[in-house]
Ligand SMILES: NC(=O)c1ccc[n+]([C@@H]2O[C@H](COP(=O)([O-])OP(=O)(O)OC[C@H]3O[C@@H](n4cnc5c(N)ncnc54)[C@H](OP(=O)(O)O)[C@@H]3O)[C@@H](O)[C@H]2O)c1
């Protein structure tokens, strides 16, 4: 099969489009013929940190058609359309075929295109778990989403609106219009205004991207407010992990999310997408032989929503 393989020496992207062995499913695996894959920060960050999948194939978010199943598989059969997030299973999506365990994939409704389906799993489930599980979002909450222009951020805006919150998004100028179109009530262009100095206070702050002071964010939390660290610069994340507990003394809380892929949350997201309550924002589409350039583009960290590879 064709695949995009990591190769440290491959210039300029360290990825090569080439032939490799088609995988064979074990008794507990589903073999998926990949139709679309979307890129995530997990791909380019793992690559940067030299955390390389065993088979050297990145690509977590997949959508495709079941080719064959192992003898212990109960929920899927050949011909079923599926989507899922394989980051917890060694990636492998940037290829014509990938193996998935039953617990990480769900059925794809016919109303959802393969491209839109592939744009959902990791980013949308992360946004859901950050707002609902870590942020305990409630109707009427004031929510600030820092870094609302990318994969996770665009879903976070839409999900926060779905949960009945008032949403302020923080992004650069080229995402402002898009963020309003996703339902945000206020959008702050971080190149023009410091969101920590607007004299507004929030019930939930989601730090999705950027590199901002956790203490400055804590100051604009309301009493009982929750700051959820999702991503961004390593210094922003590590401060929340290592000093979060001291900053959580008192009523304001600093939490860190480690999103966990699971069928229940993905099914919830798929239902919302099927009913057009949330819609994937897709920056660009590429073919598998262009995926190395697409990865370098995503790695710059300024894409408008998701980058989708049509396999
Ligand atoms: N904790 C978890 O379990 C988990 C799960 C998934 C992802 N993550 C993390 O979440 C982060 C976002 O992932 P993603 O897939 O959404 O990435 P992404 O799509 O690559 O994010 C790109 C977006 O980041 C925005 N951005 C860059 N610098 C910014 C800044 N200084 N201030 C505000 N926004 C800025 C960009 O907007 P502009 O062009 O406007 O700058 C762009 O739209 C990553 O750090 C990722 O590692 C964590």
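Only the coordinates and a few stated rules stand behind these numbers; no lab work does. For clarity, every value in this text was computed on a predicted model and none was experimentally measured.
Here, the stretch 1-94 has an Rg and a Dmax of 13.7, 43 Å when only alpha carbons are counted. The coefficient of translational diffusion for the stretch 60-136, derived via Stokes-Einstein from the alpha carbon Kirkwood radius under 20 °C and 1.002 mPa s, stands at 163 µm²/s. Relative contact order for the chain: what percent, with Cα pairs under 8 Å and sequence separation of 6 or more? Computed over the chain, the figure is 19 percent.
Based on the Kirkwood approach, the hydrodynamic radius assigned to the chain is 19.7 Å, with every pair of different Cα atoms included.
How would you classify the stretch 1-160 from its alpha-carbon gyration tensor, with a ≥ b ≥ c the square roots of the eigenvalues: rounded for a/c under 1.5, else prolate if a/b is greater than b/c, otherwise oblate? It comes out oblate by the Cα gyration axes. The separation of the stretch 82-97 from the stretch 211-243, counted between C-alpha centres, amounts to 31 Å. Just checking the listed ones, 198, 24, 179: in the Gaussian network model of the chain with Cα springs under 10 Å, the one fluctuating most is 198.
Directionally averaged projected area (the stretch 122-256, Cα convex hull): 7.0 nm². Build a GNM of the chain with springs between Cα atoms under 10 Å apart, and of 273, 298, 110 the one that fluctuates most is 110.
How many percent of DSSP beta bridges within the chain run antiparallel, rounded to 5? Working shown, then result.
Values: 31 of 59 bridges.
In the chain, DSSP labels about 55 percent of beta bridges as antiparallel.
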